[in-house]
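S.K.: Below: one structure in structure tokens.
Read-outs: derived from the displayed coordinates by stated rules, not from any lab. Bear in mind the structure is a predicted one, so any value in this text is a computation, not a measurement. Cβ: placed from backbone, ideal geometry, glycine included. Neighbour counts: every protein chain shown.
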Amino acid sequence: MVEQKYKQQHRQYAVIVVGAGMVGAAFACLFARANPQLQIALVEAHEGASYTSEKFDPRVAALTEKSRSLLECCGVWEQISEKRVSAYMAMDVWDAEGTGRIRFNCQDVHQPNLGHIVENSLVVESLLSEIQQLGNIEFLCPVTVASYSDSEQQVSLELEDGRRLSAPLLVAADGGNSTIRQQFNFPTREWDYGHSAIVTTVQTEQVNQQTAWQRFMPTGPLALLPLNKAGDQHYCSLVWSQESDEAERLMALDDAEFCQALSLGSEHCLGKITAVDKRYSIPLRQRHATDYVVERVALLGDSAHTIHPLAGQGVNLGFADVAALVETLSAAAKRGNDLGSLMTLNKYQRQRKPENLAMMAAMEGFKRLFAADNLALRLLRNMGLSQVDKLKPVKNEIIKKVMGL
């Protein structure tokens, strides 16, 4: 009886968003707030992990000021900051194969911090809570999309329960393995790094000093990001990129052995690693869609591009996509233009594609530079790090770029 009722349902929206992770939920929230006259559907297959104050989420984001400001515009930053955020004041970056080192400090650019470490589950939970308060978003979760179809003016989704949704625009925020990107035949350029990132939460012997620590090794970068819990600053979020075989070996160690290996790998920058939560290993892959848009469909965040995590810029690029697409669509809506036309969507692509490609190229260059086992290159990069550390105007420009200012 319920299935029969659903089969008779055909709902029309201005925009359908598939994927309610950080990027998809932020887009739906921001677009709905900017365009209260338009109806939006947000579709998600899985119920996300709930935020808990008892334990840190192993998945965290290092938010720039630009990303923090976007969440403020979504109306959720106050809610997030009341629960738990970890501002970091400094970054300490050094080369494992030499003496090169550079340190960034927020005081150098007269800012209160360099950014915030925030747990993914808290961001998503806060965005979905805000979405429930907005009258022009229908959140459908958990639902599975059975099929997609498009015509000259519409994209339609058939859900497995029989419901049918249609809109002039479909926004794909369904992640790096985007079904929508594949369904609508977006070509991509991609390759495996042959690396995996081990992520977890660790406790350290010494306080984290509200500093993000990053050691570059030939096998990949190791990052310890500061987490603060009820005044206790002995926690860090770990992102340790390693060649796949070595990552597999590290994952197989028991907790005590892993803590010992991590203490050595981090050069005891925070003393001994005293405890570790459950570890996760994520294969790393570079991916970039040749185009972000086709008629009626726009890719957002990881659906359009995935990047090496060495600088923690993935979600910040996704939030920048959100800001650009909301701005483009809101302007089109005010003029009464077709939201899903290629003419409208190309404005979003022209704004974001060059910036994303530039960041991806820079991260790829960093990765290859620090992976190089050439003596001359090792000397040059060590000298370069040390020299830039002494050049305050240059260093400050780097800080501003990283912060999104």
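S.K.: Can you work out the Karplus-derived ³J(HN,Hα) for every residue in the stretch 39-54? Use 6.51 cos²θ - 1.76 cosθ + 1.60 with θ = phi - 60°, whole Hz, and x for glycine or proline.
M.R.: Residue by residue, the stretch 39-54 yields 9, 10, 10, 10, 10, 9, 7, 10, 6, x, 5, 7, 6, 9, 6, 6 Hz.
S.K.: For Ile16, what is the net charge nearby, where nearby means another residue's Cβ is under 14 Å from its Cβ and Lys, Arg count +1, Asp, Glu -1?
M.R.: In short, -1.
S.K.: Over the stretch 7-403, what relative contact order in percent results from Cα pairs under 8 Å that are six or more residues apart?
M.R.: Taking the mean separation of contacting Cα pairs over the length of the stretch 7-403, I get 21 percent.
S.K.: Additional query: Take the Cα atoms of the stretch 7-403, find their three principal axes, and give me the spread along each one in whole Å, biggest first.
M.R.: Extents along the principal axes: 65, 43, 43 Å.
S.K.: A follow-up question, please. Over 19 Å between Cα atoms: which of Lys66/Lys347; Lys66/Lys229; Lys55/Lys229; Lys55/Lys272 fall into that group?
M.R.: Cα-Cα > 19 Å for Lys66/Lys347; Lys66/Lys229; Lys55/Lys272; rest within.
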